[in-house]
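I'd like to ask you about the structure that follows.
The values are calculated or read from the model by the stated rules, or taken from the named source; none is laboratory data. Worth saying up front: this structure is predicted, and the values here are computed from it rather than measured. Cβ placement follows ideal geometry from the backbone for every residue including glycine, while neighbour counts extend to all protein chains displayed.
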Amino acid sequence: MTLKRLWYTFRLYTIRGSAARAAYIRRQHVYGAIGENCTIQKRKVPLYANLIRLGNNVHIASNVSFLTHDVTHLVFNNLDEFKAVGEVQERIGCIEIGNNVFIGSGTHILYDTKIGSNVIIGTCSVVTKDIPDNSIVAGVPARVIGTFDDYVKNM
């Protein structure tokens, strides 16, 4: 963990309130972008945090993981069949989240995913691909289980 990332993580542990944490992340430019009226329960700064972009009115529950990379290249680069071909590169990608999004506790969001606007992601879901606008998703892997409009109508 770089010293700067370690400092940001330490600082987030000292900030009370999810809106105050989001404001700190915005002020310090920890993420690539963060809109207005956001709340963030998590306190750990992910690797490659600059690849995370949040829209307006995004609310992130506790224990949400932003996985902007994977380390499978470490495994493959030690296998004989890959040594002959050449080095396998680390896979890195952006995570983009639209406006009016709630991400439930324990959710994992993988790299190269775009979450549309007006989306609710259920607790403990694993987002492996793009989520369209106006969707409710849940599961492992996350799948569309309803529409945002139906959810609002049934409130």
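With respect to R5, determine if the residue is surrounded by 15 or more Cβ atoms within 10 Å (Cβ to Cβ), more than 17 Å from I95 (Cβ to Cβ) and not β-branched (V, I, T).
no
Further, regarding this structure: Starting from residues that are of a type in the set (S, T, N, Q) and in a loop (DSSP other than H, G, I, E, B), keep the ones in segment 109-150 and report whichever is farthest from the chain's Cα centre (by Cα).
N134
If the requirement is being buried (at least 17 other Cβ atoms within 10 Å of the Cβ), aromatic (F, W, Y) and at positive phi, which of these qualifies: Y111, Y48?
Going through Y111, Y48 in turn, just one is buried (at least 17 other Cβ atoms within 10 Å of the Cβ), aromatic (F, W, Y) and at positive phi: Y48.
Another question about this same structure. Against the condition of a type in the set (D, E) and loosely packed, with under 14 Cβ neighbours inside 10 Å, how does E90 come out, does it pass?
It is true that E90 is of a type in the set (D, E) and loosely packed, with under 14 Cβ neighbours inside 10 Å.
Would you check which residues across segment 59-90 are modelled with pLDDT of 75 or more and in contact with a helix residue (DSSP H, G or I) (Cβ under 7 Å, 6 or more places away or on another chain) and list them?
Of everything in segment 59-90, those that are modelled with pLDDT of 75 or more and in contact with a helix residue (DSSP H, G or I) (Cβ under 7 Å, 6 or more places away or on another chain) turn out to be T68, F76, V88, Q89, E90.
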